[in-house]
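Everything below concerns the one structure shown next.
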Amino acid sequence: MTSQLVIKERSFSSGVILDLQGDVTKTSEDQLLHSRNWSDETSAGIRVVFNFTDVPYINSAGIAILIRIAQAAEKSGIMLYAYGVSNHYQKMFRLIGLNEFIMIFPDEYSLMQRLGALE
Amino acid sequence: MGDSVLFREEWIIESELGREKQVLEQLTCTLLHIHPQQSRLDAILTATSEACLNAMEHGNLFNRELPVHITLLVQDDRTIIKVQDEGNGANIGQIAENTVGKVRDKLHWENPRGWGLQLMQHCADIVRSSWNGKFCVELHFLNMNNGVVNQ
């Protein structure tokens, strides 16, 4: 059966990393949508990083939730990033255009290097 | 098309979210047994998962009493997954025409849908449907077996 998603939050200088553990499906809707206020315009400029390293299964319902978050984040000015996404799911993200909203990096180190260069 | 079946396996699940994962786990074991190097395993699993989810939601309306029937057929030149539900069916070609697109194109939609069908069409070489008292979606993955099947 579906493994329930658990989200742990870590902070870094310009934002937070959400460590996801479990499946990203319809059953993870509440955890993902309520992990922060995605429509909060006072969060504009904050960087939110999804760590998918321990996410073995993503389905279309889970992708639909990520799309809702991406749409809300774009309106409120929250910048989204991800790492640890398998090659297969990266292809799926590109197919539907989710990569236009969430910048994907191979790992935390390369992401932090890039963000460090931007600051 | 070489249509002699080299291997066949079937599963039946309740129409409850998460049940599809049981099939995916067993399908993985079976496919890896048939061919230890399955270069398209992820694509097969994603397409099968989405077909099961559509069957549960749109076909059986999440009525747990209604089964989703999954059949794996391995042939010389292709692997086929059939997913059958108890619904009245749908014209998946027409649905695809109306829903396939990228997120940017659907920004004005309140609740953009159609991602599952889009993933199926991307992962499988052929997606087709039929209705004969029950609705069935077929996913075809071509040139996978070359006649070699571990028994």
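Entry note, the protein assembly as shown: the mean residue ellipticity at 222 nm calculated from DSSP H runs of n ≥ 4, each adding -39500 (n - 2.57), is -10000 deg cm²/dmol after division by the residues and rounding to the nearest 500.
Order the peptides B:130-137, A:110-117 from the highest to the lowest mean number of other Cβ atoms within 10 Å of their residues.
Going from most to least packed, we get B:130-137, A:110-117.
The shape of the protein assembly as shown comes out prolate: with a ≥ b ≥ c from the C-alpha gyration tensor, a/c is at least 1.5 and a/b beats b/c. Mean partner shielding of peptide A:87-97, defined as the number of other chain Cβ atoms within 10 Å of each residue Cβ, is 5. Between B:H58, B:V68, B:H122, the Cα set farthest toward the positive side of the dipole of region B:5-142 (charges on each charged residue's Cβ, about the Cα centre) is that of B:H122.
Summarising the label geometry, the points placed 7 Å from Cα in the beta-carbon direction at B:E25 and B:L142 lie 3.5 nm from one another. Working value for region B:5-142: equivalent-ellipsoid semi-axes of 24, 18, 14 Å, each the square root of 5 times a Cα gyration tensor eigenvalue, largest first.
At 1.4 Å probe size, with the rest of the protein present, what percent of the exposed accessible area of chain A is carbon and sulfur atoms? Within chain A, the accessible surface is 50 percent carbon and sulfur.
List the accessible area buried at the contact between B and A, summed over both sides and calculated with a 1.4 Å probe, in Å² to the nearest 100.
2200
Relative to the current alpha-carbon distance between B:N88 and B:Q37, full extension at 0.36 nm per residue lengthens the span by 14.6 nm. Between A:R114 and A:Q21, the contour length at 0.36 nm per residue exceeds the alpha carbon distance by 31.1 nm.
Using unit Cβ charges (K, R positive; D, E negative) and no other charged atoms, how large, in debye to the nearest 20, is the dipole of region B:5-142 about its Cα centre?
Numbers: 13 positive and 19 negative charges, 54 e Å.
Dipole about the Cα centre, nearest 20: 260 debye.
Summing +1 for each Lys or Arg and -1 for each Asp or Glu among the other residues whose beta-carbon sits under 10 angstrom from that of B:C52 gives -2.
The values are calculated or read from the model by the stated rules, or taken from the named source; none is laboratory data. Treat the numbers as computed from the prediction; the structure is a model and nothing was measured. With ideal geometry, Cβ positions are generated from the backbone for all residues, glycine too; neighbour counts draw on all protein chains shown. When the accessible area is computed, the model is the full protein with side chains, heavy atoms only, and any ligands, DNA or RNA have been set aside. Shrake-Rupley method; radii C 1.70, N 1.55, O 1.52, S 1.80 Å.
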